[in-house]
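J.: I'd like to ask some things about the structure below.
The values are calculated or read from the model by the stated rules, or taken from the named source; none is laboratory data. Given the structure is predicted, the values throughout are model-derived calculations rather than measurements. Quick reminder, even Gly has a Cβ in these numbers, built from the backbone with ideal geometry, and neighbours come from all protein chains shown. Only protein heavy atoms, including side chains, enter the accessible area calculation; ligands, DNA and RNA are left aside. Shrake-Rupley method; radii C 1.70, N 1.55, O 1.52, S 1.80 Å.
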Amino acid sequence: ALNGTIPTEIGRLQALTEFWVEVNYITGTIPDELYKLSSLLNLLISINSLTGQVSPMIGHLKELQFLYIYSNKLTGPIPTEIATMARLEDIAIGLNAFTGVVPNEICGLNFELLSADCSVNECSCCNNCCDAAAGCN
């Protein structure tokens, strides 16, 4: 298992298409440098201990198809900028501590999966709801 933080040096990996570190002991925040990886197709950082907010800079990941950030300790609002990521197929953001609603703009995407904490973050278009007691269904 991996532990530690996501290094800011990740921004140097401009050809990176997949960042997959699910089910580890990654802590700290998501560095802004990660959002500058314009070739990234898959961002899979679920089931870690990441904290802080997801930056609106996430909208820079225009090629992203899979966004799995569920089961961390992420906080703050769910960025509306996710709605600008037209290639997204799966969005899994549940089991965090996000505040507010899942932005309606995200509902306009043609996704196969949108998983969120529907009881905490009102979501008019989620097709998979999560909660701490039951997990996701």
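J.: Let me spell it out: the conditions are (1) more than 13 Å from the chain's Cα centre (by Cα); (2) modelled with pLDDT under 95; (3) open to solvent by 20 Å² or more (accessible area, probe 1.4 Å), and Asn121 meets all of them except one. Which number is the exception?
T.: For Asn121, the failing item is (3).
J.: So in the range 116-131, with the set limited to residues that are part of a loop (DSSP other than H, G, I, E, B) and among the acidic types (Asp, Glu), which one is nearest to Ser71 (Cα to Cα)?
T.: Residue satisfying both the conditions and the ranking: Asp117.
J.: Residue check, Cys130 against (1) over 12 Å from the mean Cα position of the chain (by Cα); (2) on the phi < 0 side of the Ramachandran plot; (3) open to solvent by 10 Å² or more (accessible area, probe 1.4 Å), all met but one. Which one?
T.: Tallying (1) over 12 Å from the mean Cα position of the chain (by Cα); (2) on the phi < 0 side of the Ramachandran plot; (3) open to solvent by 10 Å² or more (accessible area, probe 1.4 Å), Cys130 fails exactly one: (3).
J.: Return the pairs, sorted by first residue and then second, in which the second residue is surrounded by fewer than 19 Cβ atoms within 10 Å (Cβ to Cβ), the first residue lies in the range 50-78 and is basic (Lys, Arg), the beta carbons are less than 8 Å apart, and the residues are 6+ apart or on different chains.
T.: That search, which allows pairs on different chains as well, returns Lys62/Ser38; Lys62/Thr84; Lys62/Ala86; Lys62/Arg87; Lys73/Ser49; Lys73/Thr51; Lys73/Ala97.
J.: Filter the range 38-66 down to the residues that are touching an Asp or Glu at 6+ places or on another chain (Cβ under 7 Å) and assigned to a strand (DSSP E or B) and list them by number.
T.: Of everything in the range 38-66, those that are touching an Asp or Glu at 6+ places or on another chain (Cβ under 7 Å) and assigned to a strand (DSSP E or B) turn out to be Asn42, Leu44, Phe66.
J.: Now for a different question. Could you please give the count of residues in the range 64-77 that are open to solvent by 10 Å² or more (accessible area, probe 1.4 Å) and either out of contact with any Ser or Thr (no Cβ under 9 Å at 6 or more places or on another chain) or of a type in the set (A, V, I, L, M) (or both)?
T.: The number of residues fulfilling the criteria is 2.
J.: Okay, next question. Looking at this structure, is Ile58 within 20 Å of Thr8 (Cβ to Cβ), at pLDDT 95 or above and under 11 Å from the mean Cα position of the chain (by Cα)?
T.: yes
J.: Right, next: Tell me which residues, restricted to the range 90-115, are exposed (fewer than 14 other Cβ atoms within 10 Å of the Cβ) and either of a type in the set (D, E, K, R) or part of a helix (DSSP H, G or I) (or both).
T.: Asn104, Glu105, Gly108, Glu112
J.: Being surrounded by 22 or more Cβ atoms within 10 Å (Cβ to Cβ) and farther than 26 Å from Gly100 by Cα narrows it down to one of Leu16, Leu40, Leu34, Leu61, so name that one.
T.: From the options Leu16, Leu40, Leu34, Leu61, the qualifying one is Leu40.
J.: Mind checking which residues of the range 78-89 are closer than 19 Å to Thr17 by Cα and either open to solvent by 40 Å² or more (accessible area, probe 1.4 Å) or hydroxyl-bearing (Ser, Thr, Tyr) (or both)?
T.: Passing the criteria: Thr84, Ala86, Arg87, Glu89.
J.: Would you please list the contacts, defined by Cβ atoms under 7 Å and residues six or more apart or on different chains, that run from a residue in the range 8-34 that is over 23 Å from Lys73 (Cα atoms) and of a type outside the set (Val, Ile, Thr) to a residue that is modelled with pLDDT of 95 or more and part of a loop (DSSP other than H, G, I, E, B)?
T.: These pairs meet every condition: Leu13/Leu37; Gln14/Leu37; Gln14/Ser39; Ala15/Ser39; Leu16/Leu37; Leu16/Ser39; Leu16/Leu40.
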